[in-house]
Each structure stands twice: as C-alpha cells, then as structure tokens.
Amino acid sequence: DGGITQSPKYLFRKEGQNVTLSCEQNLNHDAMYWYRQDPGQGLRLIYYSQIVNDFQKGDIAEGYSVSREKKESFPLTVTSAQKNPTAFYLCASRPFVAGEQFFGPGTRLTVL
Amino acid sequence: EDKVVQSPLSLVVHEGDTVTLNCSYEVTNFRSLLWYKQEKKAPTFLFMLTSSGIEKKSGRLSSILDKKELFSILNITATQTGDSAVYLCAGANAGGTSYGKLTFGQGTILTVHP
C-alpha cells in the first residue's frame, strides 16, 4: 500500500528533552512538509523540503530542526528550545507538479 | 506574509440543511485554493481550484473560486451527520522555492445534528 506513515501515534516526553518524529512516504513524492496544529486552529508550517538534501523554514521554525537525506524520509526534531511543544504534528507530501498535499495520520506530542 | 481567513469559525446545523463556508486569501504568487476535510486526524483532500468562476462538484459538495475578489466558498447541500468535521482552506504559492507551499486558514468547525 502506498502512503505516508508517521510514528509514533502518541508521544510523551519530559520538558527539556529533544524528541524526533518520524515521517516516511512510499509515494515517490518530491516535496515533504511538517505542520503543527493546536486545538481549534488551522495548520501552521514548520519546515518543508522540495528535494533531497534541501529544506526551507516555514512560518514557525524556531525550536525545530529537520533533515532530508532520503527522498522517502523527513524526520522532525522538536528541541528543548521549543517553548510550547505540546501539539498535533502532521507530515505531508506532494508530487513535484501537483498542487495538493497528502497527509499522514499525525503524531500527538505531549510534553509533561 | 500570506494570509487565509475562514468564516464562520463554527457552525451548527441540522441534517438536511445547506451550508456555505467562506474563505478569503492573500497569497503572493497565488497558484490555487485547496479545501480539505479533517475528522479528528489527517486532513483529506476535497477540491483544488485554479480558475475563477468554474464550479467543482463532488456529490453534495461544491466549490468555486473568485480570483478578482480573492475569495472561495464551499457549499454542502442536504447535510448529514457524517459531514461533521473541520473544513480547512489553503492558498498555494507558485513562486520559486515556495512552490506548492500552503497557507491554511483557521478552519470552520461544522457540527450536523440529527
């Protein structure tokens, strides 16, 4: 089955710890995106990558880092510098010439 | 800075009602306007609108774009309880390294009562 997988579904961490969220796609999509969603709000863009080994900051990149070493994978690290990390994190991908993005199931991160 | 605003923020209706959701946008190098439906987890794609005045339709859902007024609407006729969800609209950028970048609105929470 083709699709986007995110793991884990739920993640709990203590304050001050870095945590890495996984995003993998087997759709052969070129572009990948990370969003954050807070309760009652829309999606805000954290980082995105149009091709392997290249990525750009989105609107709320502070306290986050990413890598794109493989086309299939775009992990997001939430660092201890992120002041309010508890949120629902969504990964998405897009074929090169298409407009729509396709979303993974999301990871709900709770920092205790 | 790109901006997308949706209204209303929430809407409560009864089954069978017709609803109209609104989306206004200010997106540099605008390419297209997208609508998604989100039920608890991942948003699912509904429509992508690129041309002004051409209605896109899928069952009871339809949408249209006005590029002069920078506005889009999503209509749902004969609503059902299964239509209860958050509806998100997003503007897509067409410029350079921002190609395909989406700016989302806050979403409209639709609740359909039996």
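Read-outs throughout are calculated quantities, based only on the coordinates presented, and are distinct from any laboratory measurement. What you are looking at is a predicted structure, and each value in this text was computed from that prediction instead of being measured. With ideal geometry, Cβ positions are generated from the backbone for all residues, glycine too; neighbour counts draw on all protein chains shown.
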* Asked: Looking only at the stretch B:33-51, which residues are of a type in the set (A, V, I, L, M, F, W, C) and more than 11 Å from the chain's Cα centre (by Cα)?
  -> B:Ala42
* Could you grab me the full set of residues in the stretch B:1-40 that are among the acidic types (Asp, Glu) and not in a strand (DSSP E or B)? => B:Glu1, B:Asp2, B:Glu15, B:Asp17, B:Glu39
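Per-residue answers, yes or no, for (1) over 27 Å from B:Cys89 (Cβ atoms); (2) in contact with a Cys (Cβ under 9 Å, 6 or more places away or on another chain); (3) facing another protein chain (nearest Cβ under 10 Å); (4) of a type in the set (Lys, Arg):
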position: A:Lys14; (1), (2), (3), (4): yes, no, no, yes
position: A:Leu21; (1), (2), (3), (4): no, yes, no, no
position: A:Asp30; (1), (2), (3), (4): no, no, yes, no
position: A:Gln50; (1), (2), (3), (4): no, no, yes, no
